[in-house]
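See below for the structure under consideration.
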Amino acid sequence: MKKWFVLFLGVISIWSCQNNESKANKPDKAKLAILEILEKIVEKYPDSASARMQYVNALDSLQMYKEAIAQTDSMIARDSANNGLWFARGQLLESAKDTAGAIASYETALSIYPSVEAQLNLANLFAERKNPKALAICQNVSQMGLGRETDANCDFIAGVYHARKGDRAKAIAFFDRAINNNYTLMEAYMEKGFSYFEGTKYEEALKVFQTAITVNNTYADAYYWQAKTYEALGKKDQALLNYERALGLDNQLTEARTAIIRLQ
């Protein structure tokens, strides 16, 4: 076995551990050191697709999107008919908040091969933009009969579309359908709660966020929004307690830290 591949496997193992421990907020120094190793491997073996993709994933993890996109562009220049590369590019652009670029990349990926994952990613972006193409894509995917999890994702995206259009009742109905098909789909609980919250139905919103916490009691956003709802209801002590819980689970939640300072 080549020495570089042995080293590469070691890097993958270390990187996986780093990702698994990300909630413990390990310093970036270790990740940067691993990134350096991967960069040297890629420089020495530029034709290794697996090494290049691991390097892209490392850059993505460090939010170095420009550099990661440059790597995918380099690979696409050599293999423009690879739908997986276009899909990866779309994900990177989405993370970089370049929605238009992400949509274009997903559409290119789909023109090569219509994978369900790419269809749903594209539909989700259309939903956020209030584009009815989201519903057409979800209907197409649902008709494939791929199972409850996929149906839940389709219903969730349809719910997002209606929520962004301001039709909260229809949105909530789709979020309920999504939850019925996949009770662990946290995003559906959160969006349902947001719909109630935005409609100033705080008691209903609170029940949704509380349910989300019973499903996943380490989901920081659910505690944060439970806190916001308590605050909207004028229950300062409960709000403060839940802001603290949210921050304890994710110390990158600067909004929770700001709220704690404000309420203390």
| message | Just to verify a result, which residue in the range 183-216, among those that are under 17 Å from the mean Cα position of the chain (by Cα) and farther than 19 Å from Thr229 by Cα, is surrounded by the fewest Cβ atoms within 10 Å (Cβ to Cβ)? | response | Thr184
| Tally of residues being in contact with a helix residue (DSSP H, G or I) (Cβ under 7 Å, 6 or more places away or on another chain), over 19 Å from Leu185 (Cβ atoms) and outside any helix (DSSP H, G or I) across the range 215-251 | 2
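Go through the range 59-83 and give me each residue that's of a type in the set (Gly, Ala, Ser) and crowded, with 17+ Cβ neighbours inside 10 Å. Spell out the reasoning first.
Initially, the range 59-83 is screened for residues of a type in the set (Gly, Ala, Ser), giving 61, 68, 70, 74, 77, 80-81.
Within the range 59-83, Ser61, Ala68 meet the criteria.
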| task | Test each condition in (1) closer than 20 Å to Lys192 by Cα; (2) open to solvent by less than 60 Å² (accessible area, probe 1.4 Å) for Asp221 and report the one that comes out false. | result | (2)
| query | Which of (1) open to solvent by 30 Å² or more (accessible area, probe 1.4 Å); (2) at pLDDT 95 or above is the odd one out, the single condition Gly145 does not satisfy? | reply | (2)
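Could you tell me whether any residue of the range 130-142 is loosely packed, with under 15 Cβ neighbours inside 10 Å, at pLDDT 95 or above and not in a helix (DSSP H, G or I)?
yes
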| note | Condition set open to solvent by 50 Å² or more (accessible area, probe 1.4 Å) and of a type outside the set (Phe, Trp, Tyr), scope the range 105-116, selection nearest to the chain's Cα centre (by Cα): answer is Glu107
| Give me the pairs: first residue in the range 115-132 and in contact (Cβ under 8 Å) with a residue 24 or more places away in the chain, second residue β-branched (Val, Ile, Thr) and open to solvent by 40 Å² or more (accessible area, probe 1.4 Å), beta-carbon distance under 9 Å, and six or more apart or on different chains, which are they? | Leu125/Thr99; Glu128/Thr99; Arg129/Thr99
| remark: Taking the range 56-110 and the residues there that are of a type in the set (A, V, I, L, M) and touching a Leu at 6+ places or on another chain (Cβ under 6 Å), the one that is nearest to Pro46 (Cα to Cα) would be Met75
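The values are calculated or read from the model by the stated rules, or taken from the named source; none is laboratory data. Remember, predicted model here, so these are calculated numbers, not experimental data. Cβ: placed from backbone, ideal geometry, glycine included. Neighbour counts: every protein chain shown. Note: areas computed on protein heavy atoms with side chains; ligands, DNA, RNA excluded. Shrake-Rupley method; radii C 1.70, N 1.55, O 1.52, S 1.80 Å.
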